[in-house]
Each structure stands twice: as structure tokens, then as C-alpha cells.
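Trainee: Quick one: this structure, given as C-alpha cells, is what I'll be asking you about.
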Amino acid sequence: MPAKSDLPQGTLDLLILKIVALGPVHGYAIAQRLQQVSRDVVQVPQGSLYPALHRLENRGLMAADWKETETGREAKFYRLTRKGWARLESESASWQRLTEAVGLILRLSEEGAE
């Protein structure tokens with residue numbers, strides 16, 4: 001079983017935006033999807049997830065409607081706004097540049113670092 005990993009600051013918002021970009025989804029399903037896709041490495045507790053959802057909604061990056069879930073319960077379903085799509089695009093590009101740069105550094109050989 002993979003070890004659980006702490007997310008760098010700001011990463012949770014990006015991951016939530018990406019999951020919501022796939023289609024309207026409620027909070028619990030977002031957490032499940034993140035855990036499933038990451039093979040259990042990303043596990044978001046409710047105490048982190050729901051404040052992040054409210055923050056993203058308050059910033060105008062997501063909008064939400066109350067709807068019935070597949071189990072018959074009412075839940076808030078989130079979707080990206082135009083501003084959310086723009087943020088997802090810019091943050092994804094920034095994250096890609098950063099991970100590529102970190103990868104270059106990590107691939108340095110011990111000899112090459114001297």
C-alpha cells in the first residue's frame with residue numbers, strides 16, 4: 001500500500017478544479033476520485049476538502065447547485081465557472097513547468113553536482 005502524502009500548499013485547489021472540470025460532482029465524490037486516481041496516495045480529509053470547496057466557490061472559481069445524489073441524498077454539486085477554467089489552465093501549466101524543473105534537478109547524477 002502506498003504511503004499517504006502531504007500535498008504542497010495550493011495543490012489541493014488545483015486537484016479539486018481538475019476533478020470538477022470532468023463534470024458536476026459533489027464533495028464526497030471529489031475526495032473518492034482523488035484517492036482512487038492517485039492509488040490511495042492523495043487522501044483528503046473532510047476538514048480540508050469542504051473548506052477548500054467553499055474557498056473556491058467564494059473566489060468565483062466554482063458554482064454549485066443542490067441536487068439529489070445516486071443514493072437519494074441531497075448534496076451540493078460543483079461545476080467550474082469561466083474563471084475556474086482559466087485558473088485551472090494557468091495553474092496546470094505552472095505546475096507542469098515546476099514538476100519538469102524538479103525532475104531535471106532530481107535526475108542530476110552525484111558526479112554532475114560537484
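The values are calculated or read from the model by the stated rules, or taken from the named source; none is laboratory data. A quick note: this is a predicted structure, and the numbers were derived from the prediction, not measured. Cβ coordinates were reconstructed from backbone atoms using ideal geometry, including for glycine residues, and neighbour counts include every protein chain displayed.
Trainee: Only one of (1) within 21 Å of Gln9 (Cβ to Cβ); (2) outside any helix (DSSP H, G or I) is not met by Arg87, so which one is it?
Mentor: Single failed check for Arg87: (2).
Trainee: Would you point out which residue out of Leu61, Leu56, Leu17, Leu7 is touching a Leu at 6+ places or on another chain (Cβ under 9 Å) and modelled with pLDDT under 95?
Mentor: Numbers: Leu61 fails: modelled with pLDDT under 95; Leu56 fails: modelled with pLDDT under 95; Leu17 fails: modelled with pLDDT under 95.
Answer to the selection: Leu7.
Trainee: Determine which member of the set Lys83, Lys67 is within 19 Å of Gly23 (Cα to Cα), within 17 Å of the chain's Cα centre (by Cα) and among the basic types (Lys, Arg). Even if it seems obvious, please write down each step before you answer.
Mentor: Details: Lys67 fails: within 17 Å of the chain's Cα centre (by Cα).
It is Lys83.
Trainee: Within region 72-93, which residues are modelled with pLDDT under 95 and over 16 Å from Pro24 (Cβ atoms)?
Mentor: Answer for region 72-93, where residues must be modelled with pLDDT under 95 and over 16 Å from Pro24 (Cβ atoms): just Gly72.
Trainee: Residues to consider are Thr81, Thr99; find the one that is of a type outside the set (A, V, I, L, M), surrounded by 12 or more Cβ atoms within 10 Å (Cβ to Cβ) and without any contact (Cβ under 8 Å) to a residue 24 or more places away in the chain.
Mentor: On the way: Thr99 fails: surrounded by 12 or more Cβ atoms within 10 Å (Cβ to Cβ).
Of the residues listed, the single one that is of a type outside the set (A, V, I, L, M), surrounded by 12 or more Cβ atoms within 10 Å (Cβ to Cβ) and without any contact (Cβ under 8 Å) to a residue 24 or more places away in the chain is Thr81.
Trainee: For region 90-114, what are the residues that are over 22 Å from Asp13 (Cβ atoms) and in a helix (DSSP H, G or I)? Give the steps one after another, and end with the answer.
Mentor: Of all residues in region 90-114, those over 22 Å from Asp13 (Cβ atoms) come to 103-114.
Correct list: Gly103, Leu104, Ile105, Leu106.
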